[in-house]
Amino acid sequence: MRAIRRSNTKPELAVRRLLHAAGYRYRVDLRLDLPGARVRPDIVFTRRKVAVFIDSCFFHCCPIHGRVPAANTGYWQPKLGRNVERDRLADEALRAAGWTVVRAWSHELPDDVVERVVAVLAT
């Protein structure tokens, strides 16, 4: 578990490279202290109040690829459930504070994710 990265994952780096190449500037892994929650989005556009999360299919229970391992289900099932619940609470706290949340799965193409982020930034 120590080898699993919290930030700077390959999908996240690919999205960041494309955003930077398109001329967008952002903060990385910025801690936001909100009322009732502390949140660390992967990519943050502070002026426009847009938080981008690129979630791992395994750890955030992707409906397409997510699954509970057959071994040690007593550990993994509650852990993955807590991750999903924490994501939901983070989204609620961000929206309550006036932020726009963009969530993407790690299996999504970086170009598609960037397209969604740019569409949100344009509004």
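Read-outs: derived from the displayed coordinates by stated rules, not from any lab. This structure is a prediction, so every number in the text was calculated from the model and none was measured. In this analysis, Cβ positions are derived from the backbone assuming ideal geometry, glycine residues included, and neighbour counts consider all displayed protein chains.
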Amide H neighbours of Arg103 at under 5 Å, excluding residues fewer than 5 places away on the same chain, with H built from the backbone geometry, are Phe53
From the convex hull of the Cα coordinates of the chain, what is the mean projected area in square nanometres?
8.1
Alpha-carbon radius of gyration plus Dmax, which is the widest Cα pair, for segment 41-88 in Å
13.5, 45
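Looking at the chain only, what percent of DSSP beta bridges run antiparallel? Nearest 5 please. Each step should come with its number before you reach the end.
Details: 8 of 14 bridges.
In the chain, DSSP labels about 55 percent of beta bridges as antiparallel.
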Provide, in order from the shortest bin, the percent of all Cα-Cα pairs of segment 61-123 in each 10 Å bin, continuing until the bin that contains the maximum pair distance.
18, 36, 32, 12, 1
Once label points are set 7 Å from the Cα along Cα→Cβ at both Arg25 and Thr73, what is their separation, rounded to one decimal in nm?
5.1
Pseudo-spin-label distance Cys62 to Lys49, built 7 Å along Cα→Cβ, given in nm, is 3.1
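When a/c reaches 1.5 or more, the comparison of a/b and b/c decides; with that in mind, is segment 1-50 rounded, prolate or oblate per its Cα gyration tensor?
Numbers: a/c = 3.71, a/b = 1.05, b/c = 3.52.
Since a/c reaches 1.5 but b/c is at least a/b, the shape of segment 1-50 is classed as oblate.
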